[in-house]
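The structure appears right after this line, and notes come after that.
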Amino acid sequence: MITATDILPKKPQIISYTYAYRSDSNISMKIILASTAEPSYYRVLYHNDTIVGEPVQSYLFEDFTRINPSTGKIEITTPYRWRKGEVCIVRVFRLSKAYFNFLNSVEQAKSINGNPFVQPTQVISNVNNGFGIFAAISYKQVKFSFK
């Protein structure tokens, strides 16, 4: 018998989203999220035009690593990678701790693959008598059109 459990996290609360131009006309985006009393885990994916395929930018983080001390809010700012006329779809996922640990361990395993000088890492699973992850997520999506 294979068993697993997870808890559905509350949806992330997006307070604001803005973008800024640099002198060479490249654009950066900033998303501000409300922080919570309990620890929270996030994954933010940026796609161009469609959510199909690999994201052009992604972040996986625990809330305290992105809190602005002066505002107490979570801030995510991208590099200047977009241009005028482009469209970007941003998906902000709030994850359970189990799913965050799984994704984090998968990323670590990928980053050391093929390097003979690094200790192997174990992918963290919440499945009893099996491998993988049983996860619940909640998300919000925002579509930017740069004018």
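The values are calculated or read from the model by the stated rules, or taken from the named source; none is laboratory data. Since the structure is predicted, the reported quantities are computational estimates derived from the model, not experimental observations. Don't worry about glycine lacking a Cβ; one is built from the backbone with ideal geometry, like all the others, and counts go over all protein chains shown. What goes into the accessible areas is simple: the full protein's heavy atoms, side chains included, and nothing from ligands, DNA or RNA. Shrake-Rupley method; radii C 1.70, N 1.55, O 1.52, S 1.80 Å.
How do the pairs read when you match residues in the range 49-78 that are within 14 Å of Pro39 (Cα to Cα) with residues anywhere that are assigned to a loop (DSSP other than H, G, I, E, B) and of a type in the set (Val, Ile, Thr), using Cβ under 8 Å and keeping only pairs 6 or more apart or on different chains?
Cβ pairs passing all conditions: Asp63/Thr36.
Would you check if there is a residue in the range 109-130 being surrounded by 15 or more Cβ atoms within 10 Å (Cβ to Cβ), in contact with a strand residue (DSSP E or B) (Cβ under 6 Å, 6 or more places away or on another chain) and under 29 Å from Asp6 (Cβ atoms)?
No, because not a single residue in the range 109-130 is surrounded by 15 or more Cβ atoms within 10 Å (Cβ to Cβ), in contact with a strand residue (DSSP E or B) (Cβ under 6 Å, 6 or more places away or on another chain) and under 29 Å from Asp6 (Cβ atoms).
Here are some residues: Val92, Val106, Val87. Which one is β-branched (Val, Ile, Thr), open to solvent by less than 60 Å² (accessible area, probe 1.4 Å) and in contact (Cβ under 8 Å) with a residue 60 or more places away in the chain?
Going through Val92, Val106, Val87 in turn, the sole match is Val92.
What tally of residues in the range 14-36 results from selecting those that are open to solvent by 30 Å² or more (accessible area, probe 1.4 Å), touching a residue at least 40 places away in the same chain (Cβ under 8 Å) and of a type in the set (Val, Ile, Thr)?
The qualifying residues number 3.
Given the condition in contact (Cβ under 8 Å) with a residue 60 or more places away in the chain and open to solvent by 40 Å² or more (accessible area, probe 1.4 Å), answer yes or no: does some residue in the range 37-48 qualify?
Yes, the range 37-48 contains a residue that is in contact (Cβ under 8 Å) with a residue 60 or more places away in the chain and open to solvent by 40 Å² or more (accessible area, probe 1.4 Å).
Condition check ((1) under 30 Å from Met29 (Cα atoms); (2) in contact (Cβ under 8 Å) with a residue 40 or more places away in the chain) across all residues:
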residue: Lys110; (1), (2): yes, no
residue: Gly114; (1), (2): no, no
residue: Gln119; (1), (2): no, no
residue: Val123; (1), (2): no, no
residue: Asn128; (1), (2): no, yes
residue: Phe131; (1), (2): no, no
residue: Phe134; (1), (2): no, yes
residue: Phe146; (1), (2): yes, yes
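From the list Ile112, Ile7, Ile89, which one is touching a Leu at 6+ places or on another chain (Cβ under 9 Å) and β-branched (Val, Ile, Thr)?
Every option except Ile89 fails the conditions.
Scan the range 70-84 for residues that are open to solvent by 50 Å² or more (accessible area, probe 1.4 Å) and not hydroxyl-bearing (Ser, Thr, Tyr) and jot them down.
Lys73, Pro79, Arg81, Arg83, Lys84
Count, please, the residues in the range 58-69 that happen to be at pLDDT 95 or above and exposed (fewer than 11 other Cβ atoms within 10 Å of the Cβ).
0
When the range 4-32 is examined, which residues are found to be closer than 29 Å to Ile133 by Cβ and in a loop (DSSP other than H, G, I, E, B)?
Those that are closer than 29 Å to Ile133 by Cβ and in a loop (DSSP other than H, G, I, E, B): Ala4, Thr5, Asp6, Ile7, Leu8, Pro9, Lys10, Lys11, Pro12, Gln13.
Identify the single condition in (1) part of a loop (DSSP other than H, G, I, E, B); (2) of a type outside the set (D, E, K, R); (3) open to solvent by 50 Å² or more (accessible area, probe 1.4 Å) that Pro55 does not satisfy, given that it satisfies every other one.
(3)
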